Amino acid sequence: MKAIAAFSVLISGLLPASAQTAFPEQPITLVVPFAAGGSTDLVGRIVAQRMAEELGQQVIVENRAGAGGTLGATAVAQANPDGYTILMGTIATHALSASLYASPPFDPIEDFAPIAWLVTVPNVLAVNADFPAQTVEELIALLKEDPEGYVYASSGNGTPLHLSGELFKTLADVQMEHIPYQGSGPALIDVIGGQVPIIFDNLPSATEPIRAGQLRALAVTTTTRAGNFPDLPTMEEAGVPGYETNSWNALFAPAGTPQEVLDILEAAALAAVGDPAVQQRLEDTGAIIVAEGAGPLGEHVRSEVERWGPVIEAAGVRMD
């Protein structure tokens, strides 16, 4: 019996790591660091459903909203690096946070292992359906007539949507007070209900209210028009030269997660966004498929941190 046991230990030592790792053996938690109903939540749920089929285990979406996405991201950074807790990261968590805080709660490069870059997402400037402005030009005129009279909503302080609003104020030379929410879902509810007249939102979460006539979209924030709203002008076309912002969604694990586990997650994520049915669902919301692996994602995060640092400093936006 001792000989058999010794032989078993020897054989297990010779097996490749992937053969020893029966990952996943239990459900995986995908932390979405914003409230339900927003763009990141929408993309997360579409991708999680398909990843679960690839992995043979549930991928459970867990919303942990707050602090512009940093609460949920911090929780994942501090989680056990075993692959069972992963993050739907965004430009907010992995590009903006490094410059918004004097003492950031995590390092977007050192504290995470990249898995896959899924999509980029246009942002949109929209207003309540009963709001008098029909165009960006008319909105700017109203804001100039009454500089203290208007507010705008976003998914939270320090988010790309907050910065989209601040950039608009700077380039259009107008004033609006920012009203932060804990995600796009709650913000949209108040704008649709008329409590707040104006919103900067991700296009995927705003698509259905726009199509239903509950919101009036004025412009997208990218330099090219959105495929699902080809008649909607870009902000530059609408009269705000030099304007460009967007968002993106990508998967990350805690730093120290075994490489073989990361490889399995990356393969499942890329298979999910490579599925034509999933691509159609994502593109119907306005998202643009990227489908890049860990290497390109890591490079993208580094370039985004470098790009947004000077923008945030110039805007004077701080979260401390």
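The values are calculated or read from the model by the stated rules, or taken from the named source; none is laboratory data. All figures in this text were calculated on a predicted structure; none of them were measured in a lab. Quick reminder, even Gly has a Cβ in these numbers, built from the backbone with ideal geometry, and neighbours come from all protein chains shown. The protein model used for the area step is the full one, side chains on, heavy atoms only, and it has no ligands, DNA or RNA in it. Shrake-Rupley method; radii C 1.70, N 1.55, O 1.52, S 1.80 Å.
Surface exposure of the chain, expressed per residue as accessible area with a 1.4 Å probe, stands at 42 Å².
Would you please state which residues of the stretch 84-112 a label at GLN259 would reach in this model, taking the label point 7 Å out along Cα→Cβ and a backbone N cut-off of under 20 Å? Residues 84, 109-112 qualify, since their backbone N sits under 20 Å from the label point. For the stretch 77-85, backbone phi angles converted through the Karplus equation (6.51, -1.76, 1.60; θ = phi - 60°) give residue-by-residue couplings of 4, 9, 6, 4, x, 10, x, 8, 10 Hz, Gly and Pro being listed as x. Close amide H pairs (under 5 Å, H built 1.01 Å from N) link THR85 with THR29, residues at least 5 positions away or on another chain. Here's how it looks for VAL61: its modeled amide H is under 5 Å from those of LEU30, which are all 5 or more places away or on a different chain.
Ordering ILE199, TRP117, LEU139 by Cα displacement along the dipole of the chain toward the positive end leaves TRP117 in first place; charges were set at the Cβ atoms of Lys, Arg (+1) and Asp, Glu (-1). Accessible area of GLU208 (1.4 Å probe, protein heavy atoms only, ligands and nucleic acids ignored): about 120 Å². Applying the Karplus relation 6.51 cos²θ - 1.76 cosθ + 1.60 with θ = phi - 60° to the stretch 186-192 yields 3J(HN,Hα) values of x, 5, 4, 4, 6, 6, 4 Hz, where x marks Gly and Pro.
Each of (i) 178; (ii) 127; (iii) 194 is a candidate for volume of the Cα convex hull per residue in Å³; the one calculated from this structure is (ii).
Counting only heavy atoms of the protein chains and using a 1.4 Å probe, ASP275 has close to 40 Å² of accessible surface. Taking θ as phi - 60° and the Karplus parameters 6.51, -1.76 and 1.60, the scalar couplings of the stretch 60-65 work out to 8, 7, 10, 7, 10, 8 Hz in sequence order, x denoting glycine and proline. Here's the picture: charge each Lys and Arg Cβ at +1 and each Asp and Glu Cβ at -1 in the stretch 229-309, and of GLY242, PHE229, ALA268 the one pushed furthest to the positive end of that dipole is ALA268. For the chain, the dipole from Cβ point charges (+1 on Lys and Arg, -1 on Asp and Glu) about the Cα centre works out to 640 debye, to the nearest 20. Approximating the spin labels as points 7 Å out from Cα along Cα→Cβ, the GLN175-to-GLN214 distance works out to 3.2 nm. Within the full protein context, the accessible area of ILE189 is estimated at about 120 Å² for a probe radius of 1.4 Å. Rounded to the nearest 20, the size of the Cβ-charge dipole of the stretch 97-247 about its Cα centre is 300 debye, with Lys and Arg at +1 and Asp and Glu at -1.
Amide H to amide H, with H built 1.01 Å from N, GLY156 comes under 5 Å of HIS162, TYR181, GLY183, counting only residues 5 or more places away or on other chains. Relative to the longest principal axis of the Cα atoms of the chain, the long axis of helix 39-55 lies at roughly 20 degrees.
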